[in-house]
Amino acid sequence: MPKLLRFTNLTRDTEIGANCYFLEWGDKRIVIDSGMHPKLEGWNSCPDYTPITDFGVDAIFLSHSHQDHVGTMPLLMRQQPRARVFMTYPTGRLGDAMLHNSVNVMVRQREETGNTAYPLFTHRDVNNVVSRWSYVPLRHQMNLAGDRAVPDPAEFTFEMIDAGHILGSSGIRFRYEGRTVFYTGDVNFGNQTLSQAAQFPEKDIDILIIETTRGDNPTAPGWTREGEEKRFAEALGAAFDRGGSILIPVFAIGKTQEILTILHKMRCSDQLPASVPIYIGGLSAKMTMIHDELARGVPRQHVGLQLLDTVAPYILGGKEAQNASPGRGKIFAISSGMMTEKTLSNVFGRKFLADKTHSVFFVGYADPESPGGRLRVAARGSEVILDKDEPPVRVNASLEKFDFSAHSGREQILDYILRVHPPVVILVHGSKPAVGWFQAQLREKAPDIKIIVPPPGEQIEL
């Protein structure tokens, strides 16, 4: 008789937030991801660990190193000191750097806001938890002891499969008692400029836990990445013809390296003069250094390309970054991608927007309620609040949007679900409208699939 299988969503709402999921499978208890909410503060930004406080878990799995998946790992590991922790090596390298940066951000927030809850963990805490991480190769079936496993229904095994989202990202396939659960994490089924497309399994999946990030955002008809790169190059040329500079808000992990690779390709094809200066921020430089160190032996395009040496961006840091001027004929690809208050892209945004010769290029996702999200939909000539502690800024600069998302379009994800056609689909990592779109589509196209939108904290028996 199959062992009891239960799923609990430890994320606090149906949203893209502090992603964290609990799977209780017979005598095995595992947690997948432990993120920090990008908009909430203090303990409200953390997952709700209440359902797992009274007992220990056997293992924790990290799908990738973005803040909404890795940001509270020290807190989870503090509560679960005996759990083994598994991830790919690139995810570990990037996650280590991301968590140390998070400590710096929280210390600064404590100084600026007086929030005594910060920092939620320290640099020493990060060092301690990273020392307990176990790195596993892609496409190897492993057991919870961290050893290679032979197929055996009586043994709980897992396998990490490249997700095509960012460096090190992976979906995770769990097998036990003759059943298979597959968690996609964040996925991209198409080739990006640097990252290669995911090659996920399509057979023998009993329960599929899948992201829905872009469920409320249809892909434009005829969109291709090559076409978008061409449109991006043309927009850069037009911006320089106006005599201005370009601000590109980017995430430090993934998007920075994608944009640097696009700019490298443009230089190689004489679409961008080598003399055009490119600037990135300090955290982006650290993450790019890790990408360069791992430029071989991982799934990627442009194998071996050393972005810091070949593209040679200028690195902004400290007071230099705060005081730097947009100037003319420059490209600033700096974080945060959502232009979060007090970040470099937010500070630069206020400098850029007043000048009609400048441009702001959006190249990825921004939460509609974030400063970047508000700016994306702002009309030229209107005023927008980028920082609640600063006066509104008039939008005189040109605003351009490009679809270089690291997430698959909703059409691709729906197509994958229909090809796999599992008995059960659990929809996570999406806003209520995004999840709702997938629900409606699946009810129409695959009414025999059981669709679950897991309420936060509610134990669901599968």
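The values are calculated or read from the model by the stated rules, or taken from the named source; none is laboratory data. Remember, it's a predicted structure, so these values are computed and weren't measured experimentally. Backbone-built Cβ (ideal geometry, glycine too); neighbour counts: all protein chains shown. Note: areas computed on protein heavy atoms with side chains; ligands, DNA, RNA excluded. Shrake-Rupley method; radii C 1.70, N 1.55, O 1.52, S 1.80 Å.
For the chain, adding -39500 (n - 2.57) for each run of n ≥ 4 DSSP H residues and dividing by the number of residues yields -9000 deg cm²/dmol at 222 nm.
Accessible area per residue for segment 233-372, computed on protein heavy atoms with a 1.4 Å probe, is 38 Å². Across the chain, the mean sequence separation of Cα contacts (distance under 8 Å, 6 or more residues apart), normalised by length, yields a relative contact order of 17 percent.
Taking every DSSP bridge with both residues inside the chain, close to 45 percent are antiparallel. Taking every protein chain into account, the accessible area of segment 43-186 amounts to 39 square angstrom per residue (probe 1.4 Å). Under a 5 Å amide H cut-off, with hydrogens placed 1.01 Å from N, Val85 pairs with Ile60, Ser134 among residues at least 5 apart or on other chains. Residues whose amide H comes within less than 5 Å of that of Arg29, counting only those at least five positions distant or on another chain, are Asp58, Ala59 (H built at 1.01 Å from N in the peptide plane).
Taking all Cα pairs closer than 8 Å and separated by 6 or more residues, the relative contact order of segment 175-306 comes to 26 percent. As a ratio to 2.2 N^0.38 Å, the alpha-carbon radius of gyration computed for the chain takes the value 0.97. Across all Cα atoms of segment 212-341, the radius of gyration (one decimal) and Dmax (whole number) stand at 15.3, 44 Å. Couplings 3J(HN,Hα) of segment 424-435, computed from phi: 10, 10, 10, 9, 9, 6, x, 5, 4, x, 5, 4 Hz, in residue order, whole Hz [Karplus 6.51 cos²θ - 1.76 cosθ + 1.60, θ = phi - 60°; x for Gly and Pro]. By accessible area, using a 1.4 Å probe on protein heavy atoms only, the chain has 50% of its surface on carbon and sulfur. Under the combined filter of DSSP loop state and at most 14 neighbouring Cβ atoms within 10 Å, segment 196-300 retains these GluC sites (Glu not before Pro): Glu202. When only alpha carbons are used to place a centre, segment 1-41 and segment 253-272 end up 36 Å from one another. With an a/c value of 1.5 or above and a/b larger than b/c for the gyration tensor axes a ≥ b ≥ c computed over the alpha-carbon atoms, segment 351-436 is described as prolate. Taking all Cα pairs closer than 8 Å and separated by 6 or more residues, the relative contact order of segment 98-256 comes to 12 percent. Kirkwood hydrodynamic radius computed over segment 9-122 comes to 14.3 Å, based on all pairs of distinct alpha carbons. Angle of helix 344-353 to the longest C-alpha principal axis of the chain, folded into 0 to 90 degrees and rounded to 10: 40°. Legend: residue pairs Lys203/Lys265; Lys255/Lys330; Lys230/Lys450; Lys265/Lys342; Lys319/Lys432, Cα-Cα distance threshold 30 Å; pairs beyond threshold, Lys203/Lys265; Lys230/Lys450; Lys265/Lys342; Lys319/Lys432.
Per-residue extension of 0.36 nm, minus the Cα-Cα distance of Asn323 and Arg78, leaves a gain of 84.3 nm for this segment.
Arg394 contributes an accessible area of around 110 Å² to the protein surface, as traced by a 1.4 Å probe with all chains present.
Counting heavy atoms of the protein chains alone, Arg108 has an accessible area of about 90 Å² for a 1.4 Å probe. With respect to the chain, whose longest principal axis is taken over its alpha-carbon atoms, helix 410-420 is tilted by about 20°. Per residue, segment 408-462 exposes 45 Å² of solvent-accessible protein surface, assessed with a 1.4 angstrom probe and all protein chains in place.
Taking Cα atoms only, the orientation of helix 225-241 departs from the longest principal axis of the chain by about 20 degrees.
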